[in-house]
1. Which ordering of 15, 92 is given by a fewest-first count of other beta-carbon atoms within 10 Å?
2. So what is the 222 nm mean residue ellipticity for the chain from helices alone, if each DSSP H run of at least 4 adds -39500 (n - 2.57) and you divide by all residues, rounding to the nearest 500 deg cm²/dmol?
3. Counting other beta carbons within 10 Å of each residue's own, what order do 22, 155 fall into, fewest first?
4. With a/c under 1.5 counting as rounded, go ahead and sort segment 1-70 into rounded, prolate or oblate using the C-alpha gyration tensor (a ≥ b ≥ c being the square roots of the eigenvalues; past the cut-off, prolate if a/b is larger than b/c, else oblate).
5. For the residue pair residue 10 and residue 69, what label-to-label distance in nm results when each label sits 7 Å from Cα along the Cα-to-beta-carbon direction?
6. Could you check which residue among 133, 161, 91 shows the biggest mean-square fluctuation in a GNM of the chain with a 10 Å Cα cutoff?
7. Compute the distribution of all C-alpha to C-alpha distances in the chain, in bins of 5 Å from 0, and list the percent of pairs in each, rounded to whole numbers.
8. Find the relative contact order for segment 29-176 and round it to a whole percent, using C-alpha pairs within less than 8 Å whose residues are 6+ positions apart.
């Protein structure tokens, strides 16, 4: 287990794989919300696949960075808000491999933003029932392993924000840090 770069604390490749797995699972939950209206745009799926490639033992590479950016570009081209957030979740899943060992609240996004975007996508889906976002956050909370919570605990609380994704991320962060 090699340490990742120099920073405020140690992160191992295993730690990063735990984070990337969590983000990829979150993004997979809502990938269909992007693929249904955009069946020929494979950028979000490619980003999730790149995340899984890393999770399954391959080295971090340019593939995760490129597919993350491509998925975020797909989000900007999405026709529905739910599809936009599903694509952002996929991009965040690929980017999770590049969490830095810096004690900065902004780094928490690498851990939790995919789940927050997935929750927002669920809220905005055409057939969304009331409380869909909260149920998605609860699933994300239950999905979190002790190893993920350990990595999260090395960072300050998620930054607060006024947009809905930031609010969902803060809700998830708080729930994961509560006993």
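Rule-based calculations on the coordinates, nothing more; no lab input. Since the model is a prediction, treat every value here as computed from it, not as a measurement. Cβ coordinates were reconstructed from backbone atoms using ideal geometry, including for glycine residues, and neighbour counts include every protein chain displayed.
1. Values: 15 20, 92 28.
Listing 15, 92 from fewest to most nearby Cβ atoms yields 15, 92.
2. Working: 8 runs with 117 residues, N = 179.
Value at 222 nm, helices only: -21500 deg cm²/dmol.
3. Numbers: 22 26, 155 23.
Fewest to most other Cβ atoms nearby, the residues stand as 155, 22.
4. Values: a/c = 2.82, a/b = 2.23, b/c = 1.27.
Prolate shape, in that a/c is at least 1.5 and a/b is the bigger ratio.
5. Once both label points are built, they end up 3.3 nm from each other.
6. Comparing 133, 161, 91 in the GNM, the peak value goes to 161.
7. Pair shares across the bins are 1, 10, 19, 23, 21, 15, 7, 3, 1, 0.
8. Values: 232 pairs, mean separation 32.3, N = 148.
The value is 22 percent.
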